[in-house]
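Okay, so here's the structure we're looking at.
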Amino acid sequence: MRRDIYTWWSPHLRKNMELVAYGHYGFALLLFPSAAADYLEYERFYLIEAIRPFIEQGTLKVYSINSINSESWLNDRMHPREKAIRHQQYNAYVAEEVVPFIWNDCRGRVPIITSGVSLGAYHAANSFFRRPDLFDGTIAMSGTYDLSWYTGGYWDDNCYFNSPVHYLPNLNDDYWLPMLRAKRHVYFMTGQGPYEHPESSIRMGHILGAKGIPNYVDIWGPEYMHDWPTWRAMLPSALGRWFSNGVQQCV
């Protein structure tokens, strides 16, 4: 399996940011790390190994990027306003640096599916919902999608527009909403074991359903807790059930 590491200076984040790519061909699966982890987290915890067959057969090419959660929502020494600004800078890095890199690396505009676990699931889903012109779907595993969990009571426009449970119910425009309604790969996966919060995925399903946005909430049993064995089972299952024929462009 091909494995390449890339680093560049991010003008949006004003620091070097790393990215690792696995594979040669297929649609792009963009992975966001959990919590304060880095771009190699999914390799260290054997999730890349769990989806190796899909990579080697050319169904997909995986891109795993760094997080800056320790410089935003997980940094207790920062004021929440500064955390929200840093988050917006990360959004710009993803949309204006990572996405063009992926398209250039794949020699064309390939479909991109976002994915992640825990806090990475939040970033994956939020990135997709904010920019369905760039992304073609999401596989969000064991996430919560209410940013107020992290803001400590602070709230401003940067918080609101990064909290899917807040901005999606009010989305009524004639540009973004039809685009989201045309997508066919929106999946929320969660267990019911310790430290899981299936109510978050169920809530997202209800919000999206009310807006006419296709989605599927996949709830696993109480034996699946908030930990890597769960996610090593979930992601191959998702790829095998929903992506065996790749991804078709929806817009």
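Note on Q57 and R184: with the Förster distance fixed at 30 Å, the Cβ-Cβ geometry gives a FRET efficiency of about 0.85.
Ranked by how many other Cβ atoms sit within 10 Å of their own Cβ, fewest first, the residues S142, S201 fall in the order S201, S142. Kirkwood radius and radius of gyration were both taken over the C-alpha atoms of the range 129-208, and their ratio Rg/Rh is 0.97.
Within the range 5-131, all pairs of alpha-carbon atoms sorted by distance into 5 Å bins from zero give the percentages 2, 11, 21, 25, 22, 12, 5, 2, 1, 0.
Screening the chain for DSSP H helices whose Cα atoms reach 15 Å or more along their own axis and whose mean Kyte hydropathy is at least 0.0 gives 119-130, 198-210.
With Cα atoms as the point set, the range 5-68 shows a radius of gyration and Dmax of 12.3, 37 Å.
If I build a Gaussian network model for the chain, linking alpha-carbon pairs within less than 10 angstrom, which residue out of N16, N162, N126 has the largest mean-square fluctuation? Ranking N16, N162, N126 by mean-square fluctuation puts N16 first. Placing unit charges on the Cβ atoms only, positive for Lys and Arg and negative for Asp and Glu, gives the range 3-242 a dipole magnitude near 380 debye about its Cα centre.
Here the chain carries DSSP beta bridges of which approximately 35% are antiparallel, counting only pairs with both residues inside. Extending 7 Å from the Cα toward the beta-carbon at both M225 and L177 defines two label points whose distance is 4.3 nm.
The helix-only estimate of mean residue ellipticity at 222 nm for the chain, built from DSSP H runs of length n ≥ 4 each weighted as -39500 (n - 2.57), is -9500 deg cm²/dmol after division by the residue total.
For the range 116-196, which trypsin sites (Lys or Arg not before Pro) are in a loop by DSSP, counting at most 16 other Cβ atoms within 10 Å? Those that pass, being in a loop and sparsely packed, are R184.
Under the criterion of Cα pairs below 8 Å and six or more residues apart, the relative contact order for the range 115-251 equals 24 percent. Across the cross-link table entries K83/K211; K61/K211; K15/K83, which are compared at the Cα atoms, the separations over 22 Å belong to K83/K211; K61/K211. Using alpha carbon centroids, what distance separates the range 43-110 and the range 141-212, in Å? After rounding, the separation between the Cα centres reads 19 Å. For the range 73-151, the average shadow cast by the Cα convex hull is 5.4 nm², which is a quarter of the hull's surface.
Rounded to the nearest angstrom and listed largest first, the equivalent-ellipsoid semi-axes of the chain from its Cα gyration tensor are 24, 22, 19. Relative contact order of the chain: 17 percent, from C-alpha pairs under 8 Å at least 6 residues apart in sequence. Using 0.36 nm per residue and subtracting the Cα-Cα separation, the extra length available between Y195 and S237 on full extension is 13.0 nm. Per residue, the Cα convex hull of the range 167-251 amounts to 96 Å³.
Rule-based calculations on the coordinates, nothing more; no lab input. Predicted, not measured: the structure shown is a model, and the values here were computed from it. Note that each Cβ is placed from the backbone with ideal geometry, even for glycine, and that neighbours are counted across all protein chains shown.
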